[in-house]
């Protein structure tokens with residue numbers, strides 16, 4: 001089967017979508033399928049195009065054996081008109097590449113941004129290939145719940161576009177059970193269209209390892225246990241509450257923030273103004289370097305604000321921590337919190353509460369035998385349920401008769417039967 005992947009985000013950028021789609025491409029090739037990726041010049045989180053990719057309208061490269069074709073896009077981060085221009089520009093510049101690509105058997109399109117679905121749909125029509133629409137975030141619900149846009153003409157237009165794309169897609173992937181449920185119950189997507197395609201982790205790259213003492217020295221944190229936050233510094237995380245927790249834990253733990261995003265500058269300034277001495281801010285780190293940070297982590301912080309849309313979330317930052325045998329301190333509610341507590345791989349506390357985060361860290365510090373048990377449980381869960389090999393194999397099996405006979409004939413690994421529900 002030949003798969004044409006359309007995504008605005010791909011390595012060398014770091015992030016949940018980038019990691020998931022690179023793993024998907026590699027695993028599909030391991031199964032004997034062909035994969036081509038159309039993406040933007042890397043710029044995510046920085047608001048500027050990476051060195052080596054600037055002043056180019058188009059380029060192609062090979063990453064881990066996968067052909068990657070790139071189009072330029074207006075570089076921006078945050079929200080507002082500039083971010084809308086970022087989304088729309090790539091939706092336009094990627095279209096000629098999609099239309100001239102070797103004819104695929106399926107067009108796999110990542111959302112958000114929602115506008116990229118239009119490009120994927122046009123390409124699926126031109127190539128006569130089914131559209132697989134991968135929903136990693138329920139946009140526009142999420143931006144509405146986070147206050148990025150309010151009720152009005154823009155939101156109504158986005159909701160109409162969302163419904164249009166769901167109707168045109170042959171398959172709609174959901175990265176969480178909650179998203180699958182919303183697609184079925186609130187968005188009117190037929191059950192036979194919905195496939196479950198969760199976030200996962202490379203369990204060989206991320207595994208228990210001895211602490212990287214050189215990194216501890218570089219961070220100047222002494223012997224303090226580390227509470228690690230690794231991921232986007234965005235509006236939905238409520239990282240100011242993690243900073244409040246750091247103040248409470250000043251002599252008990254160091255809090256290390258790795259990554260970038262629209263709220264990072266304000267967070268750094270607040271830490272400086274409050275003179276929080278046990279906080280370290282690290283710029284985004286390439287995926288292959290991240291195991292070093294997990295090696296020194298006593299616990300991994302996974303925070304979300306209290307919002308309807310976050311209750312259905314399974315943040316991608318969960319899974320490297322689980323695989324690295326680092327217990328999770330989940331500050332949030334819903335599906336992610338339930339996953340952690342059901343597995344005994346960490347503890348969940350109330351969202352948007354620095355006192356609760358600090359209390360959770362202290363509870364782990366006070367009971368080292370429980371901490372060790374959570375570490376083992378997390379590693380076991382990652383190996384059994386969230387390795388990319390297991391996830392992609394299950395996804396291929398679930399496609400079954402959801403795809404046309406012409407595609408199934410080229411893909412003997414697809415399942416012959418399927419459940420009536422996602």
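Taken together, the values in this text are just the output of simple stated rules run on the coordinates, not laboratory data. It should be emphasised that the depicted structure is a prediction, and the values quoted were computed from it without experimental measurement. Cβ: placed from backbone, ideal geometry, glycine included. Neighbour counts: every protein chain shown.
Here the Gaussian network model covers the chain, with springs between Cα atoms less than 10 Å apart; of 72, 195, 394, 394 fluctuates the most. Take the Cβ atoms of residue 161 and residue 240, set R0 to 41 Å, and the FRET efficiency comes out at 0.80.
Region 217-284 and region 170-215 have Cα centres spaced 27 Å apart.
Subtracting the Cα-Cα distance of residue 266 and residue 59 from their residue separation scaled by 0.36 nm leaves 71.0 nm. For the residues 400, 222, 332, a GNM of the chain with alpha-carbon springs under 10 Å puts the largest fluctuation on 222.
The angle between the Cα long axis of helix 239-248 and the longest principal axis of the Cα atoms of the chain comes to about 20 degrees, rounded to the nearest 10.
Test of understanding: in a Gaussian network model of the chain with alpha carbons linked when under 10 Å, which of 259, 200, 65 would top the mean-square fluctuation ranking? For the chain, modelled as a Gaussian network with Cα springs under 10 Å, the answer is 65. With contacts taken as Cα pairs under 8 Å at a separation of at least 6 residues, the chain carries a relative contact order of 14 percent. In terms of other Cβ atoms within 10 Å, 185, 335 run from fewest to most in the order 185, 335.
The simple Förster model, with R0 at 30 Å and r as the Cβ-Cβ distance, assigns residue 145 and residue 275 a FRET efficiency of 0.35. The angle separating the long axis of helix 116-127 from the principal Cα axis of greatest extent in the chain is about 30 degrees. Going by the alpha-carbon gyration tensor, a ≥ b ≥ c the square roots of its eigenvalues, is region 213-385 rounded (a/c under 1.5) or, if a/c is not under 1.5, prolate (a/b greater than b/c) versus oblate? Rounded. Classification of the chain by its C-alpha gyration tensor yields a prolate form. The axis ratio a/c (a ≥ b ≥ c) is 1.5 or more, and a/b outweighs b/c. Cβ-to-Cβ counts within 10 Å put 53, 9 in ascending order as 53, 9, the fewest first. Classification of region 121-187 by its C-alpha gyration tensor yields an oblate form. The axis ratio a/c (a ≥ b ≥ c) is 1.5 or more, and b/c is at least a/b. A crude spin-label estimate for the pair residue 288 and residue 367, with each label 7 Å from Cα along the Cβ direction, gives 4.1 nm.
Give the angle, between 0 and 90 degrees and rounded to the nearest 10, that separates the Cα long axis of helix 264-274 from the longest principal axis of the Cα atoms of the chain. The answer is roughly 10 degrees.
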